[in-house]
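Here the structure comes first, spelled out in structure tokens, and everything after it is commentary.
The values are calculated or read from the model by the stated rules, or taken from the named source; none is laboratory data. Since we're looking at a predicted model, the values are computed, not measured. Neighbour counts run over all protein chains shown; Cβ positions are idealised from the backbone, glycine included. The protein model used for the area step is the full one, side chains on, heavy atoms only, and it has no ligands, DNA or RNA in it. Shrake-Rupley method; radii C 1.70, N 1.55, O 1.52, S 1.80 Å.
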Amino acid sequence: GSYHTAVAATKKQIPVSPLQGSQQHPNAKGQPTFGFTVQWQFADSTTAFVGQCFVDRRGKETLETMWLLREEVPSRRDTWKATR
């Protein structure tokens with residue numbers, strides 16, 4: 001798939017970035033978990049997202065997610081500042 005973010009710490013144009021992921025098969029309760037990664041096209045970084053889709057009685061879906069971003073750094077010595 002694809003992901004277009006409106007949030008970025010850059011003045012560069014923000015193009016759509018490729019997304020790869022998977023979703024748990026919805027069970028009888030219909031509250032599936034999912035995960036996906038995005039390889040940003042405007043930065044040397046990748047973000048992993050994990051979460052769950054909650055569906056209310058009216059069918060409205062709400063995604064609750066956590067994310068972890070890793071950017072490229074010049075050396076292993078700088079690894080401490082590469083993950084957010």
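Quick notes on this structure:
- Selection from the stretch 44-59 of residues that are modelled with pLDDT of 90 or more, open to solvent by less than 70 Å² (accessible area, probe 1.4 Å) and within 15 Å of residue 34 (Cα to Cα): 47, 48, 49, 51, 52, 53
The rows are residues; the columns are (1) touching a Pro at 6+ places or on another chain (Cβ under 7 Å); (2) surrounded by 13 or more Cβ atoms within 10 Å (Cβ to Cβ); (3) touching a residue at least 12 places away in the same chain (Cβ under 8 Å); (4) among the acidic types (Asp, Glu).
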residue: 36; (1), (2), (3), (4): no, yes, yes, no
residue: 61; (1), (2), (3), (4): no, no, no, yes
residue: 65; (1), (2), (3), (4): no, no, yes, no
residue: 68; (1), (2), (3), (4): no, no, yes, no
residue: 73; (1), (2), (3), (4): no, yes, no, no
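- When residue 75 is tested against (1) over 9 Å from the mean Cα position of the chain (by Cα); (2) within 16 Å of residue 7 (Cβ to Cβ); (3) among the hydroxyl-bearing types (Ser, Thr, Tyr), just one condition goes unmet, and that condition is (2).
- Filter result for the condition that a residue is in contact with a Ser or Thr (Cβ under 7 Å, 6 or more places away or on another chain), in contact (Cβ under 8 Å) with a residue 24 or more places away in the chain and not basic (Lys, Arg), over 43, 48: 43
- Tally, over the stretch 1-29, of residues that are open to solvent by less than 100 Å² (accessible area, probe 1.4 Å), closer than 19 Å to residue 62 by Cβ and modelled with pLDDT under 75: 2
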